[in-house]
Amino acid sequence: MSETKPTAEIAGAGLAGLAAAAALAQRGWKVRVHEKGRQLREIGAGLYLWENALDAMREIGVYDKVAEVGVRSMTPRALLDHNHSEIELRRPDDVVPELIVVLRTELHRILAECALDHGVEIVTNSRVLGADPEGRLEFESGYGPKADLVIGADGVFSKVRDSLKLATDIIELKDGCGRHLIPRKAGDSLDERRVEMWSGGRRIGMAPASKDHHYVFLCCPESDIAGRTQQPFNLEAWVESHPWYRDYLERLPRHPAEHWRPFYNVHCSSWSKGRVCIIGDAAHGMAPNLGQGACVAMVNGVVLARTLTGAHDVEGALRRWETSERPYILQTQRMSYLYGAVGTRWPRKLLGLRSKILPIIARTDRFRRSLRVALDHRPLLQTTP
Ligand SMILES: Cc1cc2nc3c(=O)[nH]c(=O)nc-3n(C[C@H](O)[C@H](O)[C@H](O)COP(=O)(O)OP(=O)(O)OC[C@H]3O[C@@H](n4cnc5c(N)ncnc54)[C@H](O)[C@@H]3O)c2cc1C
C-alpha cells in the first residue's frame, strides 16, 4: 500500500458502492466512484433495512438520518396464506429484530451525501468496461490510474466481475416482482402491522415506508402473464388473487413508475483477483425474499473498509475478508431462494398442507438459524480493529 493516502477506485454508485466509499473515506482513503448514469439515482420504491444493515448505518454515522426519514417497524410482520389466515412462523420467545423501512431514493441520497461530505469524488456519466488485477479500472478512453484498491459495485451485470472471469453462474430465477409506492391514508391497518400475503404463486408485501407512502411489492412467477402486467397495472388480476387488499391496490396508479423485473442469483468462484474485488449484487446478487440483498451488500462494503485499513498486503486482506463474510452471505442467498420457491412454486392443490407444515418446520432450531443467518452475523458490533 502507498505511503501517502491509500487510493480506491469504485465502479457503481448504488447502495453497495456508496456505503463502501463512505466507509473507506472515513478511514483515510482517497476514493473515487464512477457511475455510468448521467445522474446519481436509485430505482425501486422501498427497502427493508434490517438490524445488520443498521449496524453499517451506525458505523458510517447515518443511522439517525435513516431513522428520521424511514418508518421503524415495531411488530413482526403478518404472513397470510391463500385464505387470509395467518401462518405463524415465530416462536413465542422470539425477539423482533430491528427494522426500518425506507424509501430507496432517501437512503441513496443519505449515503451519497455522507460519501461526498467525507471527500469522495463521484464521477457520473463514467461507464466502466472492466478492471485489471493490478488495480486499474478500464474505460472507453483506456485504463485509469493505478489504485491500491479497485471495487466492482456495478450490480448484477457487473463488467468488473466479468472482465476478471469471477462469475460461475448468473441465474435468472423465473420469478420476479414490481415495487411500487402508494399514498398512506389515516386509519390504514398497515400502520399497525406490515403484511405479506401468499395466494397461489402471487405474493403481496406491504409496509409503511415514509410519512406519506406505503411500499408495495407484487411478486409472481414469470409464467404468470396477468400478474406480471404491472405497467400498465393489471388491477383486476391482483384484486382477484388478493381481494382483502383492494383498497390498497386501487391506490396504485394505472401507470406506476416501476414494472415487473426478474430476480437473479449471482454465483462467483471468488470475490477478488489481485487488487480488485466485487461487492453487492455484482458478487452475490440474490432473490430479495428475505429483504437482505442490500443489507448484506452495505455491511460487506463497510466490513471491507475495516479489513483493509492499515493492511499492508491488500490481496491477503481481501482473501481474509472473503473468508469471513462469504459463508453467511451464501447461506442468506440460499434461504432467500428457498423462501421464494415455497411462496411461489408450491403446488396449488397442496396449499392447505403448506399452511400446516410451514409453522412446524420454521420453528425448528436448524431452520431458524439458517433463516436468521444474516441477522445473527454481526461483524460490525465488534469494536474497531
Ligand atoms: C424487488 C426487489 C426488492 C428488494 N428488496 C430489498 C430489501 O427490502 N432489502 C434489501 O436489503 N435488499 C432488497 N433488494 C435487493 C437490493 O435491491 C440489491 O441487493 C441492492 O440494491 C444491490 O445494490 P448494488 O449497489 O450492489 O447494485 P445496484 O443497485 O445494481 O447498483 C449498481 C450501480 O452501478 C452502476 N453501474 C452499473 N454498471 C456500471 C458500469 N459499467 N460502470 C459504472 N457504473 C455502473 C449502476 O448504474 C448502479 O448505480 C431487493 C431487490 C429487488 C429486485
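Where a number appears in this text, it was derived from the coordinates with a stated rule and is not lab data. Remember, predicted model here, so these are calculated numbers, not experimental data. Note that we place each Cβ from the backbone using ideal geometry, even for glycine, and neighbour counts take in every protein chain shown.
Considering only alpha-carbon pairs that sit under 8 angstrom and 6 or more positions apart, the relative contact order computed for the range 231-379 is 19 percent.
On the principal axes of its alpha carbon atoms, the range 264-385 extends 59, 29, 18 Å, with the longest extent given first. What does the charge add up to near SER272, with Lys and Arg as +1, Asp and Glu as -1, over the other residues with Cβ less than 12 Å from its Cβ? Within the 12 Å Cβ shell, the charges total +3.
Along its first, second and third principal axes, ordered by size, the range 197-274 spans 54, 34, 23 Å in Cα coordinates. Secondary structure note: in the chain, about 70% of the DSSP beta bridges are antiparallel. Each stretch of four or more DSSP H residues adds -39500 (n - 2.57); spread over every residue of the chain, this sum gives -10500 deg cm²/dmol at 222 nm.
With the convex hull drawn over the C-alpha atoms of the range 13-153, the volume per residue is 159 Å³. Diffusion of the chain by Stokes-Einstein, at 25 °C in a medium of 0.890 mPa s and with Rh set to the Kirkwood radius over alpha-carbon pairs, works out to 114 µm²/s.
Computed from phi, the 3J(HN,Hα) profile of the range 139-152 under the Karplus parametrisation 6.51, -1.76, 1.60 (θ = phi - 60°) reads 10, 4, 7, x, 7, x, x, 6, 10, 5, 9, 10, 10, x Hz, with x in place of Gly and Pro. In sequence order, the range 22-31 has phi-based couplings of 4, 5, 5, 4, 5, 9, x, 8, 8, 10 Hz under the Karplus curve 6.51 cos²θ - 1.76 cosθ + 1.60, θ = phi - 60°, and Gly or Pro positions carry x.
Distance distribution P(r), the range 9-66, all Cα-Cα pairs, bin width 5 angstrom from 0: 4, 16, 24, 24, 21, 10, 1 percent. In this structure, ARG319 and LYS185 have a Cβ-Cβ separation that, at R0 = 45 Å, corresponds to a calculated FRET efficiency of about 0.30. For the chain, the cysteines with no partner cysteine C-beta closer than 4.7 Å are CYS114, CYS220, CYS268, CYS277, CYS295.
Close Lys pairs in the chain (alpha-carbon distance under 12 Å; sequence gap of 8 or more, or different chains): 4.
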